[in-house]
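Inspection log for the structure reproduced underneath, given as structure tokens.
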Amino acid sequence: MSRTERHRGAGARRIVVKIGSAVLAGDDGGLDRARIDALVDEIAAQHGAGREMVVVTSGAVAAGLVRLGLAQRPKLIPQKQAAAAVGQIGLMSAYEASFARHGLTAAQVLLTSDDMSSRRRHLNAEHAFKALLAWRVVPVVNENDTVVVDEIKLGDNDHLSALTALLLEADLLVILSDVGGLYDADPRADPRARLVATVDAVTPAVEAMAGVGGPLGTGGMATKLAAAKKATASGVATIIANGRRDGVIGAVLAGAPDVGTFFRPVGDRLASRKRWIAYTLKPGGSLVVDDGARRAIVEQGRSLLASGLRAVDGAFGVGACVQCKDLAGREFARGLVSYSAAELEKIKGRHSREIEGILGYKMGDEVIHRDDLVRLTKGDPS
């Protein structure tokens, strides 16, 4: 791998940092507030440099154990969920206080895998994230463990971090663990184990290197590799590094060759999303737009606004994939709508400033945001 590729992190603007339970745990099994402060100091420094930073955190169950006076992690899923519910308050309070030291506002975002698989909820979450980032707020994401058990059973939020990176079309996913990265053997058992600096693709041979998790983390290296595989397949570069190493985030983003394992992206981030919208999703309806709206989309890469909308065909909900057609009925684009068909019937041809008055609420100015809009060329699906 070239030095330029290794320094890809230096150019990353939107970064998701996943912090595992083992990184955040103190000697008593509760939260290590000093470690949280140290990591937040690093994240705040990158935020101050103009980057968009998103945190995916574990640690709610660990925090709950101390608050409940439990000596060890519960074995029953309902007990783990209850511990997470108790610990989540302390976990977010710690982040809020730590970011406040830098004059930064943190936001709690609780997600589930279902939020990502549902197009409507996916789009709603995407819009909320974009609003937070536009306000320069630092989102702090965790699994909604009280109602969903997938991560609490085995994933330690590794899967969630990959999904968050894909949702945000992040430039880089940084997974912080209690080990330095992927080794060719278990470094806790074999002193000759060597750090794997670069992984071109997560193959079965690479997956065979994964060990097992510690007592606080639940995922181990296997789920981190699965997260890296998912992220890199969609064009998001990924690094697994030691979250207890001082200055680890700065070192990762500077491309330090001795910090962590770099997983090279094997797909193109934008192209992957475009393919998903254009080829994977089945259109639930169509929109007919005027010539001005068509030119704005095709020639200027603009969003579709209600003022350019002339007709709505189909019964679809928020987040549905729809065809965009010109006045002659020719499809020229596809995208994910921010409003349902019934809502669009009410606001078609109207100015964005009128939407709230008509509907009583407003999801945004755009019928289809340019980030959710794919221009089609001749020969593309119709």
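None of the figures in this text is laboratory data; all of them are computed from the coordinates on show. Note that the structure is predicted; figures quoted are calculated from it, not measured. Please note: Cβ atoms are built from the backbone with ideal geometry, for glycine as well, and neighbour counts cover all protein chains shown.
Using the Cα centre of the chain as the reference point, and only Cβ charges (+1 on K/R, -1 on D/E), how large is the resulting charge dipole? Debye, rounded to the nearest 20.
700 debye
Going by alpha carbons, how many degrees (0 to 90, nearest 10) lie between the helix axis of 77-100 and the longest principal axis of the chain?
It is inclined by approximately 80 degrees.
Between the helical axis of 158-167 and the dominant principal axis of the chain, each derived from Cα atoms, what acute angle in degrees is found, rounded to the nearest 10?
For helix 158-167, the angle is close to 30 degrees.
How would you order 90-99, 167-176, 321-330 from highest to lowest mean count of nearby Cβ atoms within 10 Å?
Going by the mean number of other Cβ atoms within 10 Å, highest first, we get 167-176, 90-99, 321-330.
Take Lys282, Lys346, Lys18 and order them by how many other Cβ atoms sit within 10 Å, fewest up front.
Details: Lys282 7, Lys346 14, Lys18 29.
Fewest to most other Cβ atoms nearby, the residues stand as Lys282, Lys346, Lys18.
With the dipole of the chain worked out from charges on the C-beta (+1 for Lys and Arg, -1 for Asp and Glu) around the Cα centre, which of Gln79, Pro187, Ala315 lies farthest toward the positive end?
Ala315
Which order do the peptides 62-71, 49-58 come out in when sorted by mean C-beta neighbours inside 10 angstrom, highest first?
For the peptides 62-71, 49-58, the packing ranking is 49-58, 62-71.
Please give the direction-averaged projected area of the C-alpha convex hull for the chain, in square nanometres with one decimal.
For the Cα atoms of the chain, the hull's average projected area reads 20.6 nm².
Hey, fewest Cβ within 10 Å first, where do Val236, Val288 land in order?
Exposure proxy ranking, most exposed first: Val288, Val236.
Quick one: of Lys18/Lys224; Lys130/Lys224; Lys18/Lys282; Lys18/Lys362, which pairs are farther than 22 Å apart, Cα to Cα?
Over 22 Å apart, Cα to Cα: Lys130/Lys224; Lys18/Lys282; Lys18/Lys362.
Per the Kirkwood treatment, what hydrodynamic radius in Å, one decimal, follows for the range 24-109 from the mean inverse distance over all distinct Cα pairs?
Taking every pair of different Cα atoms in the range 24-109, averaging 1/r and inverting gives 13.5 Å.
Can you give the Kirkwood hydrodynamic radius for the range 273-375, in Å, rounded to one decimal and based on Cα pairs?
13.2 Å
With angles folded into 0 to 90 degrees, how steeply does helix 33-48 sit against the dominant principal axis of the chain? Use alpha carbons for both and round to 10.
The angle comes out at about 40 degrees.
Determine which aspartates and glutamates satisfy two conditions relative to Lys229: a Cα distance under 19 Å, and not lying fewer than 8 residues away in the same chain.
Glu5, Asp150, Glu151, Asp156, Asp158, Glu169, Asp171, Asp184, Asp200, Glu207, Asp268
How do the peptides 101-113, 220-232, 354-366 rank, highest first, by the average count of neighbouring beta carbon atoms within 10 Å per residue?
220-232, 101-113, 354-366
Going by C-beta contacts inside 10 Å, put Phe262, Phe332 in order with the fewest on the left.
Result, fewest neighbours first: Phe332, Phe262.
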